[in-house]
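What follows draws every value from the coordinates through simple rules; no lab data is involved. Small disclaimer: the values here were computed from a predicted structure and weren't measured. Every residue, glycine among them, receives a Cβ derived from its backbone with ideal geometry; neighbour counts consider all protein chains shown.
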Amino acid sequence: MRTVLVVDDEAQLLRALQVNLHAEGYAVLTALDGATALQHAENSRPDIIVLDLGLPDINGVDVITRIRRSSNTPIIVLSARHGSVDKVRALDAGADDYVTKPFGLDELLARLRVAERRLSSSDGGAQVRTVDVGDFQVNLASQKVTRDGAPVRLTPREWAILQLLVRNPGRLITQQQMLTKIWGPGYGNETHYLRVYMGQLRRKLEADPARPRHLLTEAGMGYRFEP
């Protein structure tokens, strides 16, 4: 049974999520403010955190930053803030996903399942060597990619992007995170690089590059690999 910490200052919503997630088989911890959330994160070590940004005491982005100093626990942001700037700030601080209020329970459950897949992949550790999505296969150990049994030649930059995405299934990687990690700290705003390289990867790997199934774009924010 996975333990989910739900943090929200709306007591009614918090109670509803507690009841519904418990019915779905999760153990649920709750917090109405950032200070309590940080205490739970440190003392109870939940498997997944669902976090509202608009907390009464500590900004949600600051909560994410403080959790990330000592933990890689998946964090799903739950917020009424619709602007992409808020989403990017939360993601750059270390959040893994973002659900905008109002939302359906089915959507939140789907995001939790994605987080659980990431946990299972992480728990598997060194055993995860090959990722097979049907359309193409990625061997992380040998750094080789095949499609329909035939080898696919990737440039070093293409491989770096693909590896980063594949090692974080379901997680939204922001443009700045990707550029900084692959090109370096001075390239955080060169988003056109990513458009070019993602287009090349899709042409090489996706069955229909115009409608990709696995190498997805989150407009204005970043990219996601869906197995």
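For Lys144, list long-range residues whose amide hydrogen, built 1.01 Å from N in the peptide plane, is under 5 Å from its own amide hydrogen. Close amide H contacts, sequence-distant or interchain: Asn139. Close amide H partners of Leu172, meaning residues 5 or more places away or on another chain with modelled amide H under 5 Å apart, do not exist here. For region 210-227, the Karplus equation 6.51 cos²θ - 1.76 cosθ + 1.60, evaluated at θ = phi - 60°, returns couplings of 6, 10, x, 9, 10, 9, 9, 9, 9, 3, x, 10, x, 9, 9, 9, 10, x Hz by residue, with Gly and Pro reported as x.
What does DSSP give for the chain in terms of the percent of beta bridges that are antiparallel, rounded to the nearest 5?
Working: 16 of 33 bridges.
Bridges in the chain that DSSP calls antiparallel: roughly 50 percent.
Determine which lysines satisfy two conditions relative to Lys204: a Cα distance under 16 Å, and not lying fewer than 8 residues away in the same chain. Within reach: Lys144. Relative to the longest principal axis of the chain, what angle (0 to 90°, nearest 10) does the C-alpha long axis of helix 156-166 take? Helix 156-166 sits at roughly 40 degrees to that axis.
Amide hydrogen proximity for Val6: with H placed 1.01 Å from N in the peptide plane, the residues at 5 or more positions away or on another chain lying under 5 Å are Leu29, Thr30, Ala31, Val50.
Would you mind computing, in nm to one decimal, how far apart the modelled labels at Ile58 and Lys181 are, each placed 7 Å from Cα along Cα→Cβ? With each label placed 7 Å out from Cα toward Cβ, I get 2.5 nm.
Fully extending the segment from Ala207 to Ser71, taken as 0.36 nm per residue of separation minus the present Cα-Cα distance, adds 45.3 nm. Loop-located trypsin sites (Lys or Arg not before Pro) in region 61-120 (DSSP state not H, G, I, E or B) with no more than 10 neighbouring Cβ atoms inside 10 Å: Arg69. For a straight C-alpha distance cut-off of 20 angstrom, the lysines reachable from Lys101 (same-chain residues fewer than eight places away being disregarded) are Lys87. Shown here for region 156-213: chymotrypsin sites (Phe, Trp or Tyr not before Pro) in loop regions (DSSP other than H, G, I, E, B) with at most 15 other Cβ atoms within 10 Å, namely Trp183. For the chain, the longest principal axis of the Cα atoms and the long axis of helix 105-124 meet at an angle of about 60 degrees. Potential lengthening of the chain between Asp148 and Glu42 amounts to 33.6 nm, from the contour at 0.36 nm per residue minus the alpha-carbon distance. Counting only GluC sites (Glu not before Pro) that DSSP places in a loop and that have at most 16 other Cβ atoms within 10 Å, the longest clean stretch of the chain runs over 25-189. For Arg15 and Arg113, a Förster radius of 30 Å and the Cβ-Cβ distance give a FRET efficiency of 0.85, rounded to the nearest 0.05.
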